[in-house]
Every structure is written in C-alpha cells, then in structure tokens.
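Working notes for the structure below.
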Amino acid sequence: QVQLVESGGGLVQAGGSLRVSCTASTSIRRLLVAWFRQATGKDREFVAAINWADTTTTNSDVEGRFTISRDNAKNTVDLQMHSLKPEDTAVYYCAAGTLYHPSSPARGMNYWGKGTLVTVSL
C-alpha cells in the first residue's frame, strides 16, 4: 500500500502562483504519479503526470502554466502552478499507479490522496 498526502493548497489571487506537494509513504521510484482536480459540481479532471523516467504529460488547459516534478529521494511530487485563474479553483488530488491510459488517466491509478483545496480569487 502506498499512502499519499497532499499539502500546499490555499487561497491565492488570480495571476498568482502556488505549489502543491504530494508525499508518499513509500518509494515512488517505479511509479507514475499524477495530479487530478475536481471543482465543485464538475467531474474529476486530469492535470498532469510524471513517470519513472521523468517524462511528463500535461492537460492542455494548464500547459505552460503548471509544471509537475518529482524528487525520488524525498518521495515527493510537486505541482507548481503559475498564472492561476479562478477556474483553477478545485480540490487537487495526487494519485499513483503503474499504467497511463491516455484516454482515461485515472484508470491506471491505484492509490489516491485525500486532496488539498486550491482557491483562486479574483
């Protein structure tokens, strides 16, 4: 079992930056780790993923604004967010697995955190 804990959420003004972190209870060296988000009343949405070779995939809606990175020594995966918009407001979830399904990224995730709330105000 891998436990994932998100941190770093909070309130930020539009145009600002925020970094959320995901800390795993065990080594993530061989895992693909992803960030998802879910806004109130909306479906869960894939944000970004990074695999064991540091290859990243990012949702086009956040491309150029959000960057995912990992530190295997610390068992952490960060999501650095810039130029935040009110529509980025959501609960951000960290997830980990071994397979990436381009059409449905959540399918390959075996472990999920409880989420951290990011609120972007005008």
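The values are calculated or read from the model by the stated rules, or taken from the named source; none is laboratory data. Everything numeric here is computed off the predicted structure, so don't read it as measured data. Here the Cβ is made from the backbone with ideal geometry for all residues, glycine too, and neighbour counts use every protein chain on show. When the accessible area is computed, the model is the full protein with side chains, heavy atoms only, and any ligands, DNA or RNA have been set aside. Shrake-Rupley method; radii C 1.70, N 1.55, O 1.52, S 1.80 Å.
Observations on the model:
- Once the range 24-49 is narrowed to residues that are among the hydrophobic types (A, V, I, L, M, F, W, C) and assigned to a loop (DSSP other than H, G, I, E, B), the residue that is nearest to residue 76 (Cα to Cα) is 28.
- Residue identified as among the small types (Gly, Ala, Ser) and open to solvent by 20 Å² or more (accessible area, probe 1.4 Å) among 8, 108: 8
- Failed condition for residue 52, given (1) without any contact (Cβ under 8 Å) to a residue 40 or more places away in the chain; (2) touching a helix residue (DSSP H, G or I) at 6+ places or on another chain (Cβ under 6 Å): (2)
- A search for C-beta distances below 7 Å between a residue of the range 31-43 that is farther than 16 Å from residue 88 by Cβ and any residue that is open to solvent by less than 10 Å² (accessible area, probe 1.4 Å) and not small (Gly, Ala, Ser), counting only pairs 6+ apart in sequence or on different chains, returns 33/22; 33/50; 33/77; 33/94.
- Residue satisfying condition, being among the basic types (Lys, Arg) and at pLDDT 95 or above, within set 107, 37: 37
- Residues of the range 50-95 classified as assigned to a loop (DSSP other than H, G, I, E, B), open to solvent by less than 50 Å² (accessible area, probe 1.4 Å), under 22 Å from residue 3 (Cα atoms) and in contact with a strand residue (DSSP E or B) (Cβ under 8 Å, 6 or more places away or on another chain), total: 2
- Some residue of the range 107-116 being at positive phi and touching a Cys at 6+ places or on another chain (Cβ under 9 Å): yes
- Scan the range 10-23 for residues that are under 11 Å from the mean Cα position of the chain (by Cα) and not in a strand (DSSP E or B) and the total you get is 0.
- The range 111-122 - residue that is in a strand (DSSP E or B) and aliphatic (A, V, I, L, M) and, of those, most open to solvent (accessible area, probe 1.4 Å): 117
- Residues of the range 11-43 that are surrounded by 16 or more Cβ atoms within 10 Å (Cβ to Cβ) and more than 17 Å from residue 84 (Cα to Cα): 22, 23, 24, 28, 31, 32, 33, 34.
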